[in-house]
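Asks: Please find one structure pasted underneath; my questions will follow.
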Amino acid sequence: MKSLTLSQSIINTGIKLELSVKFFWTIAFVLLLSLLTIYILQVNGLTEEIYLVKESKQKIHDLSSENESLAISLSKAGSLANVGGYLSGRNFEKANQVKYIQNSGNPVAINK
């Protein structure tokens, strides 16, 4: 008949096993805290980036609408109907009579 026997060395390792369990739980707790800290930092970074993207989209929308209004005001300012008002505001006067200089056939400048 065969029987199993435990040796003395295995029985005495109960203290070492208990220390290793405490060590395991300490390492697990430290690892859990580390992972929780990393998770919080990543969520914080993600939230910040989402906020920046939303803010950038709002700025793009504002600049686009401002660009459209500037394009409209530029086209209004460049129309011929407004040029007269612009020139009168700058102390220009409308010419009543136009007199041209008559050239007697002699060139004013000669190309040599």
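Nothing in this text is a laboratory measurement; each read-out follows from the coordinates by a stated rule. The model shown is predicted, which means the values in this text are computed figures rather than measured ones. All Cβ positions, even for glycine, are placed from backbone atoms using ideal geometry, and neighbour counts span all protein chains on display.
Asks: For a Förster distance of 30 Å, can you work out the FRET efficiency between the beta-carbons of ALA71 and PHE92, rounded to the nearest 0.05?
Replies: It comes to 0.70.
Asks: Assign one of three labels to region 16-89, namely rounded, prolate or oblate, based on the Cα gyration tensor with a ≥ b ≥ c the square roots of its eigenvalues; rounded applies when a/c is under 1.5, prolate when it is not and a/b is larger than b/c, and oblate otherwise.
Replies: Judged from the Cα gyration tensor, region 16-89 comes out prolate (a/c at least 1.5, a/b above b/c).
Asks: Kindly provide the GluC sites (Glu not before Pro) of region 39-101 that DSSP labels as loop, not H, G, I, E or B, and whose Cβ sees at most 13 other Cβ atoms within 10 Å.
Replies: Sparse-neighbourhood loop GluC sites (Glu not before Pro): GLU93.
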